[in-house]
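Asker: Questions regarding the structure given below will be posed in turn.
The values are calculated or read from the model by the stated rules, or taken from the named source; none is laboratory data. From a predicted model like this one, the values you see are computed outputs, not experimental measurements. We place every Cβ from the backbone using ideal geometry, glycine too, and count neighbours over all the protein chains shown.
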Amino acid sequence: MSEQNFDLVVLGGGSGGYAAALRATELGLSVALVEKDKLGGTCLHRGCIPTKALLHSAEVADVSRESAKYGVSTDFHGIDIPAVTAYREGVVASKYKGLQGLVKARGITVIEGEGRLTSPTTVQVGETTLTAKNVVLATGSYSRSLPGLEIGGKVITSEAALALDHVPARVAILGGGVIGVEFASVWKSFGSDVTIVEALPHLVPNEEESISKQFERAFRKRGIGFSLGVRFESVSQSDDGVVVTLEDGKTIEADLLLVAVGRGPSTQGLGFEEAGVTIDRGFVITDERLRTSVPGVFAIGDIVPGLQLAHRSFQHGIFVAEEIAGLAPQVIEDTNIPKVTYSDPEVASVGLTEAKAAEKHGADKVTSYDYNLAGNGKSHIIGTSGSVKVVRVVDGPVVGVHMIGARVGELIGEAQLAVNWEAYPEDVAPLVHAHPTQNEALGEAMLALAGKPLHAM
Ligand SMILES: Cc1cc2nc3c(=O)[nH]c(=O)nc-3n(C[C@H](O)[C@H](O)[C@H](O)COP(=O)(O)OP(=O)(O)OC[C@H]3O[C@@H](n4cnc5c(N)ncnc54)[C@H](O)[C@@H]3O)c2cc1C
């Protein structure tokens, strides 16, 4: 048995945990970072980075298929999965190495092993007892399933989907949210027949309705099938694949079923409740300053109810480190955290939908402008359609931006600044957007809302 004392112990070395550790050491605190698997967590090893690498391979496949349209002759011979995997793993390995180097250079003590909260100031890892005035819980999340739907064999979650060694000919996907539509997009580009089942009335159901509808049109045009507003009933497996039955009696035959119905918090059996931390349906309940019910114990990232996104976890990590160091950082509401879906087409949004803005401010106090990418030169050059919608309070600030089209994820930076700085379209309109960029579409929407549209009516 050994005992080590620190200013801060962070349980979980994913996006949230390592960000908290990095910021805390910058602020002069001594930090132990406990990780049972690999530093970087879900995002680096099983989430954001590998899936975006896959989506890039998918984009290259589509570009090479369509290259004749741009006067470039190529022959598309197919998808070489071992090579895709080598490329994807190469990206992850390089980022992992960089992260390990950074954590070491900052003087963070990494403790390898599974940690358990044994008191408000103690974390036990094997024979080692770590004590600190403050503890940050950052244990992340796992792929959930539905009651009665067992994962195994040809019924898989995103982890197994990433590790597939072949392109399935036919795939069924349960869940039309971010993870479901990103895999649908990849597989379609790789040549699979794809069908999505979503119980809610729309794909990407957390987005502005007009964006979801455009998204559905785009997926339909790509030949991706989907059933909306219908629940999954059952699945059976055989040597030939799976048969998925929906509540309306419809069946879908496929080689495999990807279950992408959301992520549950990894909080069970870690001593949280025994130490007095309030848990609700597995999530750790915090106040807006990420304090749990136990003084000195904070929770961050996917275990805190709300958006499950890596950049929210980074922000949470930085926030708690600064809070513990007494810097009184600013709270960022989940609504003002940008969201990007990296499928083809991409979807990017921040702030309130028009409907939510009307609920909050009154329907007559909200207005919007929807700029069609058909008017945007760069979008035409790269062959994408889509739109940029800006929602504002009448005579007030921009409260939401909702975009769809190839590469619009790259436009979210300006959009989130406008929303978080509560800019008026009149503030943004005189500022210059480079030509020809897709960014101009955002500029055009701001010009229109400021009453001086340029390339629009
Ligand atoms: C397929 C997929 C794609 C995604 N794509 C994106 C994207 O493009 N953009 C985006 O923003 N987000 C994306 N996400 C979500 C993102 O990965 C998560 O929001 C983010 O990783 C959450 O960070 P976290 O620190 O809360 O948890 P995690 O990253 O899950 O880290 C938790 C860490 O804690 C460790 N741990 C758990 N329990 C213990 C214990 N008892 N002792 C020691 N260590 C422990 C785990 O091993 C893990 O490393 C994606 C997720 C998936 C699954």
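Asker: Limited to region 281-292, what total is found for residues that are part of a loop (DSSP other than H, G, I, E, B) and surrounded by 14 or more Cβ atoms within 10 Å (Cβ to Cβ)?
Answerer: 5
Asker: Please determine, by comparing only the residues of region 26-44 that are of a type outside the set (Lys, Arg) and part of a loop (DSSP other than H, G, I, E, B), which one is surrounded by the fewest Cβ atoms within 10 Å (Cβ to Cβ).
Answerer: Per the stated criteria, the residue is Gly28.
Asker: From the residues in region 293-312 that are touching a residue at least 60 places away in the same chain (Cβ under 8 Å) and part of a loop (DSSP other than H, G, I, E, B), which one is nearest to Ala132 (Cα to Cα)?
Answerer: Gly296
Asker: Can I ask one more? Can you find, within region 74-109, the residue that is surrounded by the most Cβ atoms within 10 Å (Cβ to Cβ) among those that are modelled with pLDDT of 95 or more and of a type in the set (D, E, K, R)?
Answerer: Per the criteria, the residue is Arg88.
Residue-by-condition table, conditions (1) without any contact (Cβ under 8 Å) to a residue 60 or more places away in the chain; (2) in the same structural domain as His56 (by TED's automatic domain parsing); (3) within 16 Å of the ligand (Cβ to nearest atom); (4) assigned to a strand (DSSP E or B):
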{"site": "Ala328", "(1), (2), (3), (4)": "yes, yes, no, no"}
{"site": "Val340", "(1), (2), (3), (4)": "no, no, yes, yes"}
{"site": "Ala358", "(1), (2), (3), (4)": "yes, no, no, no"}
{"site": "Tyr371", "(1), (2), (3), (4)": "no, no, no, yes"}
{"site": "Thr384", "(1), (2), (3), (4)": "yes, no, no, no"}
{"site": "Arg392", "(1), (2), (3), (4)": "yes, no, no, yes"}
{"site": "Asp395", "(1), (2), (3), (4)": "yes, no, no, no"}
{"site": "Gly409", "(1), (2), (3), (4)": "no, no, yes, no"}
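Asker: Determine whether region 305-318 contains at least one residue that is surrounded by 15 or more Cβ atoms within 10 Å (Cβ to Cβ) and more than 16 Å from the ligand (Cβ to nearest atom). I'd like the intermediate steps shown before the answer.
Answerer: Residues of region 305-318 that are surrounded by 15 or more Cβ atoms within 10 Å (Cβ to Cβ), as a first pass: 305-318.
The next check asks that each one be more than 16 Å from the ligand (Cβ to nearest atom); those that pass are none.
There is no residue in region 305-318 that is surrounded by 15 or more Cβ atoms within 10 Å (Cβ to Cβ) and more than 16 Å from the ligand (Cβ to nearest atom).
Asker: Determine which member of the set Thr278, Thr353, Thr341, Thr335 is among the β-branched types (Val, Ile, Thr), surrounded by fewer than 18 Cβ atoms within 10 Å (Cβ to Cβ) and more than 25 Å from Leu33 (Cα to Cα).
Answerer: Checking each option against the conditions leaves just Thr335.
Asker: Separate question: Considering each of Glu127, Glu112 in turn, give the residue that is more than 11 Å from the ligand (Cβ to nearest atom), surrounded by fewer than 16 Cβ atoms within 10 Å (Cβ to Cβ) and charged (D, E, K, R). Working first, answer last.
Answerer: Numbers: Glu112 fails: more than 11 Å from the ligand (Cβ to nearest atom).
That would be Glu127, the only listed residue that is more than 11 Å from the ligand (Cβ to nearest atom), surrounded by fewer than 16 Cβ atoms within 10 Å (Cβ to Cβ) and charged (D, E, K, R).
Asker: Can you find a residue in region 356-373 that is β-branched (Val, Ile, Thr) and within 19 Å of the chain's Cα centre (by Cα)?
Answerer: No; the residues of region 356-373 include none that is β-branched (Val, Ile, Thr) and within 19 Å of the chain's Cα centre (by Cα).
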